[in-house]
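Q: Submitted below is the structure of interest, expressed as structure tokens.
The values are calculated or read from the model by the stated rules, or taken from the named source; none is laboratory data. The model shown is predicted, which means the values in this text are computed figures rather than measured ones. Methodologically, a virtual Cβ is constructed for each residue, glycine included, from the backbone with ideal geometry; neighbour enumeration extends over all protein chains shown.
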């Protein structure tokens with residue numbers, strides 16, 4: 001077998017040769033030369049494990065190692081189970097994973113890449129991870145943040161690791177999916193108190209990390225907060241492979257669309273034709289998000305995240321319900337136009353790159369809508385179109401702020 005990197009003829013390709021020859025693992029070599037692992041591996045290599053140890057464990061671990069492990073834990077990348085602690089990494093993130101390995105030497109982590117035949121995919125797949133004995137990391141992995149006197153640089157070191165591994169930049173806003181609500185609260189408080197950076201806690205935060213309902217999602221409150229945070233972390237992010245470039249290098253832009261359906265009934269109040277009657281059908285909603293392609297994920301936004309957010313905030317609320325009663329904003333007029341305005345305002349906080357909605361009521365009838373940007377929405381507030389009834393006065397009586405005619409009606413017993 002000829003190595004396509006150094007042109008040497010070999011009995012077999014393995015990680016030992018490739019790491020010396022080109023710095024690549026077998027998995028990276030297979031992708032670089034667009035070859036299936038099945039053809040590269042000898043039968044006895046399937047099911048095998050390749051390991052590299054980063055160094056000798058040290059107790060107590062250094063502050064740098066503690067900060068890196070904390071940042072990875074904030075991102076939900078530290079898996080606890082059995083006798084080991086594991087940090088997985090995708091092939092595009094191997095540079096980051098190997099950087100993590102070097103930083104975490106004090107905990108005794110080792111790099112492990114295994115090659116297993118998958119009955120589900122019917123091919124050999126590679127799995128890369130850092131692995132350490134659970135006992136080495138247990139003191140550093142607290143279930144919730146514990147107030148201890150740590151100088152701000154330690155916090156910023158951990159935050160830079162977290163942002164590099166888990167942050168998502170959309171339309172000038174940084175989305176920060178924390179594995180635990182307590183981690184998010186602590187980080188938001190520190191950023192506001194110590195650095196003047198404001199973040200907003202989003203209600204459906206747990207959906208960001210995989211749909212389990214756990215965790216918390218922070219978003220920078222405004223683009224200027226994103227710029228301030230990135231300036232604060234710039235030197236630290238630049239030291240992490242792809243930590244700075246993934247957010248700042250010029251990249252192509254694209255628009256992605258997710259299509260979801262829901263079945264619902266509605267009626268159009270005061271409609272002069274049959275739509276005034278209660279009737280139902282299948283709605284088809286297309287949600288568009290535009291932005292820069294992330295060079296690490298290869299995505300503008302993860303389709304899984306997009307689907308979870310729209311399902312939770314829109315589909316679950318509308319599916320098999322009467323739209324006029326599912327949302328007070330639609331009680332008067334549940335037209336496709338009004339639904340689009342309402343849906344836009346439900347999604348824009350979670351999808352700052354939201355660029356368009358298309359809603360089909362039938363295959364022949366649909367509405368295209370583009371609402372305000374997140375910055376415009378934060379400044380203007382909700383659309384007046386959705387407020388059919390003005391606010392009641394503070395006394396809560398029957399008088400509505402509608403002028404003399406309403407005041408006259410309110411006097412009628």
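Q: Consider residue 224 carefully, then state whether it is surrounded by fewer than 16 Cβ atoms within 10 Å (Cβ to Cβ) and not in a loop (DSSP other than H, G, I, E, B).
A: Numbers: surrounded by fewer than 16 Cβ atoms within 10 Å (Cβ to Cβ): yes; not in a loop (DSSP other than H, G, I, E, B): yes.
Yes; evaluated as a whole, the condition is true for this residue.
Q: Going residue by residue through the stretch 56-70, is there one that turns out to be closer than 19 Å to residue 123 by Cβ, surrounded by fewer than 17 Cβ atoms within 10 Å (Cβ to Cβ) and in contact (Cβ under 8 Å) with a residue 12 or more places away in the chain? Please lay out each step first, then the result.
A: Pass one, the stretch 56-70, residues closer than 19 Å to residue 123 by Cβ: none.
Scanning the stretch 56-70 turns up no residue that is closer than 19 Å to residue 123 by Cβ, surrounded by fewer than 17 Cβ atoms within 10 Å (Cβ to Cβ) and in contact (Cβ under 8 Å) with a residue 12 or more places away in the chain.
Q: If you scan the stretch 315-348, which residues turn out to be part of a loop (DSSP other than H, G, I, E, B) and within 19 Å of residue 268 (Cα to Cα)? Write out each step before concluding.
A: The initial filter retains those residues of the stretch 315-348 that are part of a loop (DSSP other than H, G, I, E, B), namely 319-320, 327, 331-332, 334-335, 348.
Within the stretch 315-348, 319, 320, 327, 331, 332, 334, 335 meet the criteria.
Q: Is one or more of the residues making up the stretch 255-276 part of a loop (DSSP other than H, G, I, E, B) and in contact with a strand residue (DSSP E or B) (Cβ under 6 Å, 6 or more places away or on another chain)? I'd like the intermediate steps shown before the answer.
A: Filtering the stretch 255-276 down to residues part of a loop (DSSP other than H, G, I, E, B) leaves 267, 269-273.
Among the residues that remain, those that are also in contact with a strand residue (DSSP E or B) (Cβ under 6 Å, 6 or more places away or on another chain) are: none.
Scanning the stretch 255-276 turns up no residue that is part of a loop (DSSP other than H, G, I, E, B) and in contact with a strand residue (DSSP E or B) (Cβ under 6 Å, 6 or more places away or on another chain).
Q: Now, a different point. Just give me the residues in the stretch 367-383 being out of contact with any helix residue (DSSP H, G or I) (no Cβ under 7 Å at 6 or more places or on another chain) and farther than 20 Å from residue 202 by Cβ, in sequence order.
A: Those that are out of contact with any helix residue (DSSP H, G or I) (no Cβ under 7 Å at 6 or more places or on another chain) and farther than 20 Å from residue 202 by Cβ: 368, 370.
Q: Pull out all pairs, ordered by first then second residue, where Cβ-Cβ is under 7 Å, the residues are six or more apart or on different chains, the first lies in the stretch 81-95 and is assigned by TED's automatic domain parsing to the domain that holds residue 243, and the second is surrounded by fewer than 15 Cβ atoms within 10 Å (Cβ to Cβ).
A: none
Q: Applying the selection to the stretch 262-308, what residues are in contact with a helix residue (DSSP H, G or I) (Cβ under 8 Å, 6 or more places away or on another chain), touching a residue at least 12 places away in the same chain (Cβ under 8 Å) and either over 30 Å from residue 241 (Cα atoms) or in the same structural domain as residue 216 (by TED's automatic domain parsing) (or both)?
A: The answer is 262, 264, 265, 266, 267, 268, 269, 283, 285, 287.
Q: Being modelled with pLDDT of 95 or more, in contact with a helix residue (DSSP H, G or I) (Cβ under 6 Å, 6 or more places away or on another chain), surrounded by 17 or more Cβ atoms within 10 Å (Cβ to Cβ) and not assigned by TED's automatic domain parsing to the domain that holds residue 378: is that true of residue 219 here?
A: Numbers: modelled with pLDDT of 95 or more: yes; in contact with a helix residue (DSSP H, G or I) (Cβ under 6 Å, 6 or more places away or on another chain): no; surrounded by 17 or more Cβ atoms within 10 Å (Cβ to Cβ): yes; not assigned by TED's automatic domain parsing to the domain that holds residue 378: yes.
No: the conditions fail for residue 219.
Q: Yes or no: residue 113 closer than 19 Å to residue 26 by Cα, out of contact with any helix residue (DSSP H, G or I) (no Cβ under 6 Å at 6 or more places or on another chain) and in a strand (DSSP E or B)? So that I can check it myself, show each step before the final result.
A: Numbers: closer than 19 Å to residue 26 by Cα: yes; out of contact with any helix residue (DSSP H, G or I) (no Cβ under 6 Å at 6 or more places or on another chain): yes; in a strand (DSSP E or B): yes.
The answer is yes for residue 113.
Q: I would also like to ask the following. Determine which single condition residue 96 fails, assuming it passes every other condition in (1) at pLDDT 85 or above; (2) in contact with a strand residue (DSSP E or B) (Cβ under 6 Å, 6 or more places away or on another chain).
A: Going through the list (1) at pLDDT 85 or above; (2) in contact with a strand residue (DSSP E or B) (Cβ under 6 Å, 6 or more places away or on another chain), residue 96 breaks only (2).
Q: I would also like to ask the following. Filtering the stretch 7-17 down to residues that are modelled with pLDDT under 90 and in a helix (DSSP H, G or I), which residue is surrounded by the most Cβ atoms within 10 Å (Cβ to Cβ)?
A: 15
Q: Is it the case that residue 329 is outside the structural domain of residue 169 (by TED's automatic domain parsing), over 16 Å from residue 171 (Cα atoms) and surrounded by fewer than 17 Cβ atoms within 10 Å (Cβ to Cβ)? Break it down into steps so the answer makes sense when it comes.
A: Working: outside the structural domain of residue 169 (by TED's automatic domain parsing): yes; over 16 Å from residue 171 (Cα atoms): yes; surrounded by fewer than 17 Cβ atoms within 10 Å (Cβ to Cβ): no.
When the stated conditions are applied, residue 329 does not pass them.
Q: Of all residues in the stretch 18-31, which are outside any helix (DSSP H, G or I) and free of Cβ contacts under 8 Å to residues at least 12 places away in the same chain? Before the answer, list the steps.
A: Within the stretch 18-31, the first condition is being outside any helix (DSSP H, G or I), and the residues that meet it are 22-25.
Answer for the stretch 18-31, where residues must be outside any helix (DSSP H, G or I) and free of Cβ contacts under 8 Å to residues at least 12 places away in the same chain: just 23.
Q: With the structure loaded, tell me whether residue 351 is surrounded by 20 or more Cβ atoms within 10 Å (Cβ to Cβ), part of a strand (DSSP E or B), assigned by TED's automatic domain parsing to the domain that holds residue 259 and touching a helix residue (DSSP H, G or I) at 6+ places or on another chain (Cβ under 9 Å) or whether it fails that test. Before the answer, list the steps.
A: Details: surrounded by 20 or more Cβ atoms within 10 Å (Cβ to Cβ): yes; part of a strand (DSSP E or B): no; assigned by TED's automatic domain parsing to the domain that holds residue 259: yes; touching a helix residue (DSSP H, G or I) at 6+ places or on another chain (Cβ under 9 Å): yes.
Answer is no for this residue.
Q: For the stretch 36-91: of the residues being within 30 Å of residue 4 (Cα to Cα) and in a strand (DSSP E or B), which is modelled with the lowest pLDDT? Write out each step before concluding.
A: Filtering the stretch 36-91 down to residues within 30 Å of residue 4 (Cα to Cα) leaves 36-54, 88-91.
Subset that is in a strand (DSSP E or B): 49-53, 88-89.
On the way: 49: 88, 50: 87, 51: 85, 52: 79, 53: 71, 88: 91, 89: 88.
Here the answer is 53.
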